[in-house]
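To start, I am sharing the structure in question, which I have written as structure tokens.
The values are calculated or read from the model by the stated rules, or taken from the named source; none is laboratory data. Fair warning: this is a prediction, and the values are worked out from it, not measured in the lab. No Cβ is skipped: glycine too gets one built from the backbone with ideal geometry, and neighbour counts run over all protein chains shown.
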Amino acid sequence: MKTTVLLRHVLCRFLAVVIAAALLVPDHAAAQTAAKKVFGSMAGAAALKPASHGFYSRGCLAGAVAMPFDGPTWQVMRISRNRRWGHPDLISTIEQLSIKANRGGWNGLLVGDISQPRGGPMLTGHASHQIGLDADIWLTPMPNRRLTYREREDTSAISILKKGTNYVDDRRWNKSYENLLHHAASFPQVERLLVHPGIKKKLCETVKGDRSWLQKVRPYYGHHYHFHLRIGCPRGSTDCRKQKATTPGTGCDSSLQWWFDVALAPKKKTKKKSTAKTTKPKKPKVITVADLPQSCQAVVKAGEKPVQTAVYDAKSLSGFVAPQLDLPARFDPMAALASRPIEAGGKALKAITAATVPVPSKPQSVYEPITGPIPVPTPRPKR
Ligand SMILES: [Zn+2]
């Protein structure tokens with residue numbers, strides 16, 4: 001009897017140790033090749049011919065170019081994230097849009113996230129933006145002065161929605177927003193623009209004359225602090241996978257109403273069944289470099305493009321004197337992780353524009369800790 005109890009005790013201890021070990025030992029193999037870690041820590045572009053490999057939400061980017069931090073009609077925001085990289089076709093599109101937009105009454109573009117230097121999945125945010133063909137543009141016009149590095153980190157974008165509603169704030173919406181989106185849609189290479197359903201609704205109700213461009217403007221969650229611009233697969237990117245064509249028509253129909261009636265409607269509270277004991281949460285699959293198109297392995301291994309040749313040679317830069325920015329010495333993925341969402345947290349741009357910028361008496365650390373809670377960005381389900 002005594003022996004049986006002892007045996008059982010030993011067996012139990014042994015099992016407990018085995019289970020604990022299984023829980024504690026991290027999956028080294030998976031962690032080492034987790035694509036978001038590999039691509040999220042890359043500081044520079046792959047010295048290869050420019051090419052977008054794979055799909056917007058599963059791929060990588062070779063031979064990327066960087067959007068210059070400043071141009072006469074744009075400023076790059078959230079510099080610490082190092083996401084100002086894209087296929088040359090996209091960077092050129094953003095430059096051209098900034099010029100067109102400026103002529104259409106939008107002072108200039110505040111450029112948000114584009115892609116990482118070699119594209120790929122990111123450690124934070126964005127299901128897409130992986131192949132250098134997606135860019136986020138703030139729905140806040142560029143101020144009349146150059147923002148400092150710190151301001152570009154801390155300043156919040158301004159939502160165009162009326163507070164607490166899913167509709168555009170009519171006191172602020174004006175023709176310049178329509179012009180901006182119309183200009184963006186007018187480029188043949190631009191296939192989609194993602195905006196909040198409230199913005200799409202406003203366009204459906206107010207755009208006069210040619211309305212065909214509204215086909216490219218797609219309603220989506222979030223996207224009221226910024227809009228998302230997507231171009232098609234560039235020529236020469238042979239393994240870039242095209243997205244399905246958009247449904248013909250302006251989209252100003254019952255499908256738009258679905259967003260308000262179903263997608264954005266407050267969720268009804270339903271009693272949750274107690275399934276805690278029976279269903280274990282599934283471990284999300286770690287996307288490894290091997291899960292990406294084959295060519296992405298060469299993109300990871302390739303040498304780094306020298307900085308001088310990596311910045312896009314924008315024509316509009318001739319004669320433009322870029323401001324001196326207090327840039328960090330090198331890219332720090334951890335700082336990028338801690339960067340503020342554009343939706344909240346800092347002073348809104350209006351307030352900061354009105355104030356005079358004090359010259360700091362001592363150089364500020366670009367890694368100053370964020371005070372207060374880090375705001376949670378608007379959730380964006382997969383698109
Ligand atoms: Zn985006």
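Within the bounds of segment 202-225, is there any residue that is assigned to a helix (DSSP H, G or I), within 16 Å of the ligand (Cβ to nearest atom) and crowded, with 19+ Cβ neighbours inside 10 Å? Walk me through it before giving the result.
So the first thing to find is which residues in segment 202-225 are assigned to a helix (DSSP H, G or I), and the list is 202-206, 212-216.
Checking the rest, the ones that are also within 16 Å of the ligand (Cβ to nearest atom) come to 216.
Checking the rest, the ones that are also crowded, with 19+ Cβ neighbours inside 10 Å come to 216.
Yes - at least one qualifying residue is present in segment 202-225.
Among the residues of segment 131-163, how many are under 30 Å from ARG235 (Cβ atoms) and charged (D, E, K, R)?
Initially, segment 131-163 is screened for residues under 30 Å from ARG235 (Cβ atoms), giving 131-138.
From the residues that got through so far, the ones that are charged (D, E, K, R) too are 134, 136.
Looking only at that region, the number is 2.
Another question about this same structure. SER186: away from the ligand (no atom under 16 Å from the Cβ), out of contact with any helix residue (DSSP H, G or I) (no Cβ under 8 Å at 6 or more places or on another chain) and of a type outside the set (Lys, Arg), yes or no? Quick ask: steps written out before the conclusion?
Working: away from the ligand (no atom under 16 Å from the Cβ): yes; out of contact with any helix residue (DSSP H, G or I) (no Cβ under 8 Å at 6 or more places or on another chain): no; of a type outside the set (Lys, Arg): yes.
Against the criterion (away from the ligand (no atom under 16 Å from the Cβ), out of contact with any helix residue (DSSP H, G or I) (no Cβ under 8 Å at 6 or more places or on another chain) and of a type outside the set (Lys, Arg)), SER186 does not qualify.
With the condition kept exactly as written, say whether any residue in segment 154-161 is assigned to a helix (DSSP H, G or I) and away from the ligand (no atom under 16 Å from the Cβ). Break it down into steps so the answer makes sense when it comes.
Step one: list which residues in segment 154-161 are assigned to a helix (DSSP H, G or I), which gives 154.
Now drop any that are not away from the ligand (no atom under 16 Å from the Cβ), which leaves 154.
Checking segment 154-161: at least one residue is assigned to a helix (DSSP H, G or I) and away from the ligand (no atom under 16 Å from the Cβ).
Picking from GLY119, GLY63, GLY112, which residue would you name as being touching a Phe, Trp or Tyr at 6+ places or on another chain (Cβ under 9 Å), farther than 23 Å from LEU325 by Cα and at pLDDT 95 or above?
Details: GLY63 fails: touching a Phe, Trp or Tyr at 6+ places or on another chain (Cβ under 9 Å); GLY112 fails: farther than 23 Å from LEU325 by Cα.
Step by step, each of GLY119, GLY63, GLY112 is checked, and only GLY119 is touching a Phe, Trp or Tyr at 6+ places or on another chain (Cβ under 9 Å), farther than 23 Å from LEU325 by Cα and at pLDDT 95 or above.
Could you check GLU191 against (1) closer than 22 Å to SER115 by Cα; (2) not in a strand (DSSP E or B) and say which number it fails?
(2)
Does any residue of segment 112-134 turn out to be β-branched (Val, Ile, Thr), in a loop (DSSP other than H, G, I, E, B) and more than 20 Å from SER316 (Cα to Cα)?
Restricting attention to segment 112-134, the residues satisfying the condition of being β-branched (Val, Ile, Thr) are 114, 124, 131.
Retained after the next criterion (residues that are in a loop (DSSP other than H, G, I, E, B)): 114, 124, 131.
Filter once more, keeping what is more than 20 Å from SER316 (Cα to Cα): 124, 131.
Yes; the residues of segment 112-134 include at least one that is β-branched (Val, Ile, Thr), in a loop (DSSP other than H, G, I, E, B) and more than 20 Å from SER316 (Cα to Cα).
Somewhere in segment 289-308, is a residue more than 29 Å from HIS226 (Cα to Cα), surrounded by 12 or more Cβ atoms within 10 Å (Cβ to Cβ), aliphatic (A, V, I, L, M) and at pLDDT below 95?
Checked against the condition, which is being more than 29 Å from HIS226 (Cα to Cα), surrounded by 12 or more Cβ atoms within 10 Å (Cβ to Cβ), aliphatic (A, V, I, L, M) and at pLDDT below 95, segment 289-308 yields at least one hit.
Further question on the same structure: Within segment 104-124, restricting attention to residues that are more than 20 Å from ILE160 (Cβ to Cβ) and within 12 Å of the ligand (Cβ to nearest atom), which residue is surrounded by the fewest Cβ atoms within 10 Å (Cβ to Cβ)? Spell out how you get there, then give the answer.
Let us first name the residues in segment 104-124 that are more than 20 Å from ILE160 (Cβ to Cβ), namely 114-124.
Subset that is within 12 Å of the ligand (Cβ to nearest atom): 114-115, 122.
On the way: ILE114: 28, SER115: 31, MET122: 22.
Across segment 104-124, the extreme among qualifying residues is MET122.
Could you check, for segment 124-138, whether at least one of its residues is more than 15 Å from the chain's Cα centre (by Cα) and either farther than 19 Å from ALA322 by Cβ or of a type in the set (Lys, Arg) (or both)?
Residues of segment 124-138 that are more than 15 Å from the chain's Cα centre (by Cα), as a first pass: none.
Checked segment 124-138: no residue is more than 15 Å from the chain's Cα centre (by Cα) and either farther than 19 Å from ALA322 by Cβ or of a type in the set (Lys, Arg) (or both).
From the list LEU194, LEU229, which one is under 18 Å from PHE55 (Cβ atoms), in contact with a His (Cβ under 7 Å, 6 or more places away or on another chain) and within 16 Å of the ligand (Cβ to nearest atom)?
Numbers: LEU229 fails: in contact with a His (Cβ under 7 Å, 6 or more places away or on another chain).
Testing whether each residue is under 18 Å from PHE55 (Cβ atoms), in contact with a His (Cβ under 7 Å, 6 or more places away or on another chain) and within 16 Å of the ligand (Cβ to nearest atom) leaves just LEU194.
Sticking with this structure for a sec: Could you count how many residues in segment 209-246 are farther than 20 Å from SER186 by Cβ and not basic (Lys, Arg)?
Total meeting the criteria: 10.
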